[in-house]
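Worksheet for the structure shown next.
The values are calculated or read from the model by the stated rules, or taken from the named source; none is laboratory data. As the structure is a computational prediction, the values presented were derived from the model and not from experiment. We place every Cβ from the backbone using ideal geometry, glycine too, and count neighbours over all the protein chains shown.
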Amino acid sequence: MADNGGPAPVLDKFFWKNKTLEEMTDSEWESLCDGCGRCCLEKLEDEDTGRIYFTHVGCRLLDAGLCACKDYANRSERVPDCVRLTPENVRTLNWLPPSCAYRLVAEGRDLYWWHPLISGDPNTVHEAGVSVRGRVEFSEDDVDDADLEDHIVRWPALLPKGARGRTRPR
């Protein structure tokens, strides 16, 4: 999620239930990002099956502790293969993690309890074990593309047990 240092925008409560992705304002769109960082992991696609494999290797701009881009405003210029999410492409991107709010809303599903728009707390994504915090082993600058298959992990494609419900576990 972009942080321009200004005051947080005022959003309509539950806007994602009442608007299509195309109807959302820029602020609403940006606020859908839960800050997990999973989409910023390097991924491999099996050309024969189309299956996506996540790695524990982060984009060169990923701040793995904050789970945020180090240069969000200029990410496309600095990382030419960075994919900007749009209402059109979130419906077709097969590599978005199952917990991704853009994917959930595009599929007509609701957000999980740990999403900051539900919890009111940007740290719940980390508390629920959904974010990449503490799990990124390398930056893409540290691993040759030919060696990425040695860094495949399963966890980014899975949802932790306590994060699956619609209400916070007690």
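Out of all the residues in segment 118-170, which are part of a loop (DSSP other than H, G, I, E, B), aliphatic (A, V, I, L, M) and farther than 30 Å from Asp12 by Cβ?
Val136, Val143, Leu158
Go through segment 84-107 residue by residue and tally those that are within 19 Å of Asp12 (Cβ to Cβ) and part of a loop (DSSP other than H, G, I, E, B).
Summing the residues that are within 19 Å of Asp12 (Cβ to Cβ) and part of a loop (DSSP other than H, G, I, E, B) in segment 84-107 gives 1.
Between a residue in segment 21-32 that is over 18 Å from Glu107 (Cβ atoms) and free of Cβ contacts under 8 Å to residues at least 40 places away in the same chain and any residue that is assigned to a loop (DSSP other than H, G, I, E, B) and of a type outside the set (Phe, Trp, Tyr), which pairs come within a Cβ distance under 6 Å, given they are 6 or more apart or on different chains?
Ser27/Pro9; Glu30/Met1; Glu30/Ala2
Look through Ser99, Ser139 and report the one residue that is touching a residue at least 40 places away in the same chain (Cβ under 8 Å) and more than 26 Å from Trp16 (Cα to Cα). Don't jump to the end; show me each part of the working.
Numbers: Ser99 fails: more than 26 Å from Trp16 (Cα to Cα).
Being touching a residue at least 40 places away in the same chain (Cβ under 8 Å) and more than 26 Å from Trp16 (Cα to Cα) holds for just one of Ser99, Ser139, which is Ser139.
Listed residues Asp81, Asp110; which is among the charged types (D, E, K, R), assigned to a loop (DSSP other than H, G, I, E, B), surrounded by 13 or more Cβ atoms within 10 Å (Cβ to Cβ) and at pLDDT below 95? Give the steps one after another, and end with the answer.
Working: Asp81 fails: surrounded by 13 or more Cβ atoms within 10 Å (Cβ to Cβ).
Checking each option against the conditions leaves just Asp110.
Can you pull out the residues in segment 42-69 that are part of a loop (DSSP other than H, G, I, E, B) and farther than 25 Å from Asp150 by Cβ?
Result: Leu66, single match.
From the list Lys43, Lys70, pick out the single residue that is of a type in the set (D, E, K, R), in contact with a strand residue (DSSP E or B) (Cβ under 7 Å, 6 or more places away or on another chain), farther than 24 Å from Ala157 by Cβ and modelled with pLDDT of 95 or more. Even if it seems obvious, please write down each step before you answer.
Numbers: Lys43 fails: farther than 24 Å from Ala157 by Cβ.
After applying the criteria, what remains is Lys70.
Residue by residue through segment 19-71, note down the ones that are among the hydroxyl-bearing types (Ser, Thr, Tyr), more than 15 Å from Arg103 (Cβ to Cβ) and surrounded by fewer than 16 Cβ atoms within 10 Å (Cβ to Cβ).
If the condition is that a residue be among the hydroxyl-bearing types (Ser, Thr, Tyr), more than 15 Å from Arg103 (Cβ to Cβ) and surrounded by fewer than 16 Cβ atoms within 10 Å (Cβ to Cβ), then Thr25, Ser27, Thr49 are the ones that fit.
Evaluate the following for Arg84: is it basic (Lys, Arg) and under 13 Å from the mean Cα position of the chain (by Cα)?
yes
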